[in-house]
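**Student:** This is the structure I have questions about; it appears just below.
Quick note: the coordinates plus some simple rules give every number you see, no bench work behind them. Quantities reported herein were computed from a predicted structural model and do not represent experimental measurements. Cβ placement follows ideal geometry from the backbone for every residue including glycine, while neighbour counts extend to all protein chains displayed.
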Amino acid sequence: MSAPCWPPEAEERTRDLDKAGKGQVGDLSFEQALAELEEIVGGLEKGTVALEQSIAMYERADALRKRCDALLRQAEARVEKIAGGNGEALATEPFDSDG
């Protein structure tokens with residue numbers, strides 16, 4: 001069995017997860033969850049990780065993706081609340097990058 005090809009910090013987190021069970025995805029900030037998700041995806045894309053570890057990494061990646069999605073939805077709701085604070089209905093419009 002070959003050693004994992006992902007960064008040592010990610011490997012340490014995986015070992016900690018093995019000891020602690022599910023891990024603490026819910027405690028991560030958006031940036032932390034996204035960075036770890038990117039590390040895992042990079043490791044999986046290389047295809048040099050053993051099957052069982054790949055499955056564990058995939059499960060962790062799915063939990064991280066869900067965390068990022070939830071945090072983005074929360075941020076969107078906060079922005080809508082701020083933007084619509086005067087009781088007006090909010091609408092979206094296309095972004096014009098030309099000015």
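**Student:** Enumerate the pairs (first residue in region 40-57 and free of Cβ contacts under 8 Å to residues at least 60 places away in the same chain and more than 20 Å from residue 25 (Cα to Cα); second residue anywhere and polar (S, T, N, Q) and part of a helix (DSSP H, G or I)) with beta-carbon separation below 9 Å, excluding pairs fewer than 6 apart on the same chain, so at least 6 apart or on different chains.
**Tutor:** 47/54
**Student:** Could you please find all residues in region 45-67 being exposed (fewer than 14 other Cβ atoms within 10 Å of the Cβ) and not in a helix (DSSP H, G or I)?
**Tutor:** 47, 48, 50
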